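Undergrad: Below: one structure in structure tokens.
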């Protein structure tokens, strides 16, 4: 009787115990990792005991369900936007009990990333036989995995070959070169990505149009050249050499020109021009003409050049095809400019450039101290014309003046001044400068120009030595390293780059004429105001 009562009780206890085990929720997944893809992502994880299915949540409540297929599970979530996502994984047991969620970040890539990918740069094509060619490429871009080339074989069938990113050339055998053949690069934004991303296609038959093999360029004509500064030096990929067009006296602008033969027709989107790294003068305005045959010419652009150590970019309004280009000076820097000067001439298109010559910015710069060179300027305490008010007119502290150079500091600005109606004579050949001892190197002087109130002629300049030239000789003086007509830069900052080859004295300042405007509008004074000077030693 006792055994009879004990057995049902034992069975009841066991049943309750088993029911508790069956209804316990799974623990959270383990070893959760996300892998990026193209508008999708994949997660992998270890499945907890008892889980039979699960969900991966993304966005705001969306989810993808999955059935557990093993201890290690992978799930791909599609239709994700291009951004970072938080993916949360839960598993569910047979009784419907849900585990705690486990989250992981997943970076998803899409059209934005893919749109910025470039096909490998085509370099050359080597013909081994009528049915065998070798395509040579530049080195791979970052994150590029391979290059795929598609072509038609001699049997008339579509074919392809794959070149790993570590290689720079690929041979296509049994190719029908009369048919199109093209290539694209494949990328992975991360090594763990589950998808490849493709660059745009490049027509390999037309790739020669986009590739500039500058080593094969030739000078097809030139106005003239200076000994040791030949025209070929403008296309030699050496920024230390330069071409100068005029061998003797200055010529009219249109007689300075150079014609370059690129060997075959190219697609051109623009030109990169580099002046000299010295204090050479050159053209202010140029015209670039293009031709397929060196006979019929079309103007591609007319542009204005800056005085600069940096690369100057001249884009075309639309792409053009040309084998030859000719650069002609339209207007020289001044009448005393010895010739058209270029250190390097390069051509570019959307695919590549003929050379990476010159710099687009300075790698570093160190300010050079000047005395009393910015607003608020300070007078020297002199009182050369007290009838206009005690100490209203003074010399500029720390600067060297000609006797007729007088300034007013109204509103804390330096204003060169005349008032002939009030007894202060008009200024002819006024000079204001300070002299610095500079070490060899490249420098940039910035003059912050306010402007004129009245008729003024004024040059800002950098000069070797401790004396400025007279106004009428500025453009021809051999001591002038750089100059600018400040009347053309009112309310602007003008930059004057210059090179010091030997340590010594360099003067920075202005030479000017100020005339009366009283007869014009009855205003008794005329002025020219400068906000400041700033000198920097730069490294290219």
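Nothing in this text is a laboratory measurement; each read-out follows from the coordinates by a stated rule. In this text, all values refer to a predicted model and were calculated from it rather than measured experimentally. Here Cβ is always computed from backbone atoms with ideal geometry, including for glycine, and neighbour counts include all displayed protein chains.
Undergrad: At 0.36 nm per residue, and after removing the present C-alpha to C-alpha distance, how many nm does the segment from residue 218 to residue 201 gain when stretched out fully?
TA: Additional length available on full extension: 3.0 nm.
Undergrad: Tell me, what is the FRET efficiency for residue 171 and residue 353 to the nearest 0.05, using R0 = 22 angstrom and their Cβ-Cβ distance as r? Provide the component values of the computation, followed by the final result.
TA: Numbers: r = 28 Å, r/R0 = 1.25.
Efficiency computed from Cβ-Cβ geometry: 0.20.
Undergrad: Right, something else. Once you have all Cα-Cα distances for the stretch 368-539, histogram them in 10 Å bins from zero and send the whole-percent values.
TA: Using 10 Å bins, I get a P(r) of 10, 40, 35, 12, 2, 0 for the stretch 368-539.
Undergrad: Students often check this: by mean Cβ neighbours within 10 Å, which of 55-68, 396-409 ranks highest, and how do the rest follow?
TA: Working: 55-68: 14.3, 396-409: 18.8.
Ranked by mean Cβ neighbours within 10 Å, highest first: 396-409, 55-68.
Undergrad: While we're here: Could you order the peptides 364-375, 39-50, 279-290, 199-210 from most to least packed, using the average number of other C-beta atoms within 10 Å per residue? Present the calculation step by step, with values, prior to reporting the outcome.
TA: Numbers: 364-375: 13.4, 39-50: 18.3, 279-290: 20.2, 199-210: 16.8.
In descending order of packing, they fall as 279-290, 39-50, 199-210, 364-375.
Undergrad: Taking the alpha carbon gyration tensor of the stretch 32-163, what are the square roots of 5 times its eigenvalues, largest first, to the nearest whole Å? Each step should come with its number before you reach the end.
TA: Values: eigenvalues 409, 61, 28 Å².
The three semi-axes for the stretch 32-163 are 45, 18, 12 Å.
Undergrad: Run through every distinct alpha carbon pair of the stretch 124-258 and return the Kirkwood hydrodynamic radius in angstroms, one decimal place. If you can, show how the numbers build up before the last one.
TA: Numbers: mean 1/r = 0.0541 Å⁻¹.
Across the stretch 124-258, the inverse of the average 1/r is 18.5 Å.
Undergrad: In addition: Which residues does the label zone of residue 293 cover in the stretch 197-234, counting backbone N under 20 Å from a point 7 Å along Cα→Cβ?
TA: Answer for the stretch 197-234: 220-221.
Undergrad: Which value in nm describes the separation of the simple spin-label points at residue 153 and residue 522, placed 7 Å from the Cα toward the beta carbon?
TA: About 9.7 nm, to one decimal.
Undergrad: Still on this model: Any chance you could tell me what percent of the C-alpha pair distances in the stretch 214-348 go past 17 Å? Each step should come with its number before you reach the end.
TA: Working: 4910 of 9045 pairs.
Here the tail beyond 17 Å accounts for 54 percent of pairs.
Undergrad: In addition: Need one number: the % of Cα-Cα pairs in the stretch 382-432 sitting beyond the 16 Å mark. Mind dumping the intermediate values first?
TA: Numbers: 421 of 1275 pairs.
Roughly 33 percent, once rounded to a whole number.
Undergrad: Return a whole-number percent for the relative contact order of the stretch 363-488, with Cα pairs under 8 Å and 6 or more residues apart as the contact set.
TA: Working: 163 pairs, mean separation 20.7, N = 126.
Computed value for the stretch 363-488: 16 percent relative contact order.
Undergrad: Further, regarding this structure: For the chain, what does the relative contact order come out to in percent, with C-alpha contacts under 8 Å and a separation of six or more?
TA: Values: 1355 pairs, mean separation 51.5, N = 540.
Reported relative contact order: 10 percent.
Undergrad: Taking Cα atoms of the stretch 30-108, Rg/Rh with Kirkwood Rh, to two decimals? Spell out each step's value before the answer.
TA: Numbers: Rg = 11.9 Å, Rh = 12.5 Å.
Ratio of gyration radius to Kirkwood radius: 0.95.
Undergrad: For the chain, treating each Cα as an identical point scatterer without solvent, what Debye log10 I(q)/I(0) comes out at q = 0.05, 0.06, 0.07 1/Å?
TA: Treating every Cα as an identical point scatterer, log10 I(q)/I(0) equals -0.42, -0.56, -0.68.
Undergrad: So, in Å, what gap is there between the alpha-carbon centers of the stretch 386-411 and the stretch 152-212?
TA: Centre-to-centre distance over Cα atoms comes out at 73 Å.
Undergrad: Ok, one more. Please compute the modelled spin-label separation between residue 476 and residue 30, points set 7 Å along Cα→Cβ, answer in nm with one decimal.
TA: Simple spin-label model gives 9.3 nm for this pair.
Undergrad: Take the Cα radius of gyration of the stretch 316-425 and divide it by 2.2 N^0.38 Å, with N its residue count; two decimals is plenty. Mind dumping the intermediate values first?
TA: Working: Rg = 25.1 Å, N = 110, 2.2 N^0.38 = 13.1 Å.
It is 1.91.
Undergrad: For the stretch 123-170, compute Rg over Rh where Rg is the Cα radius of gyration and Rh is the Kirkwood radius from the inverse mean 1/r over Cα pairs. Numbers along the way, then the final one.
TA: Working: Rg = 12.0 Å, Rh = 11.8 Å.
Ratio of gyration radius to Kirkwood radius: 1.01.
Undergrad: Between residue 95 and residue 52, with labels modelled 7 Å along Cα→Cβ, what's the label distance in nm to one decimal, could you check?
TA: Output for this residue pair reads 1.3 nm.
Undergrad: Using 0.36 nm times the number of residues separating residue 382 and residue 505, minus their current alpha carbon distance, what extension gain do you get? Write out the running numbers ahead of the final one.
TA: On the way: separation 123, 0.36 × 123 = 44.28 nm, distance 2.68 nm.
Computed gain between residue 382 and residue 505 is 41.6 nm.
Undergrad: Same structure, new question: When you have a sec, figure out the Kirkwood radius of the stretch 196-258 from all distinct Cα pair distances and drop it here in Å to one decimal?
TA: Numbers: mean 1/r = 0.0685 Å⁻¹.
For the stretch 196-258, inverting the mean 1/r across all distinct Cα pairs yields 14.6 Å.
Undergrad: At a threshold of 8 angstrom on Cα-Cα distance, excluding pairs fewer than six apart, so keeping six or more, what relative contact order does the stretch 214-348 reach in percent? Don't jump to the answer; show the numbers that get you there.
TA: On the way: 347 pairs, mean separation 48.4, N = 135.
Once normalised by length, the contact order is 36 percent.
Undergrad: Expressed in nm to one decimal, what extension gain is obtained for the pair residue 492 and residue 134 from 0.36 nm per residue of sequence separation less their Cα-Cα distance? Show your work: numbers first, answer last.
TA: On the way: separation 358, 0.36 × 358 = 128.88 nm, distance 5.49 nm.
Gain in length upon complete extension: 123.4 nm.
Undergrad: Let me ask you something else. Based only on the alpha carbon positions, what is the Kirkwood hydrodynamic radius of the stretch 464-523, in angstrom? Walk me through the numbers on the way to the answer.
TA: On the way: mean 1/r = 0.0715 Å⁻¹.
This gives a value of 14.0 Å.
Undergrad: By how many degrees, 0 to 90 and rounded to 10, does the Cα axis of helix 2-22 deviate from the longest principal axis of the chain?
TA: Rounded to the nearest ten degrees, it is 20.
Undergrad: R0 = 25 Å: FRET efficiency of residue 534 with residue 316, Cβ-based, nearest 0.05? The partial results should precede the final answer.
TA: On the way: r = 35 Å, r/R0 = 1.38.
About 0.15, to the nearest 0.05.
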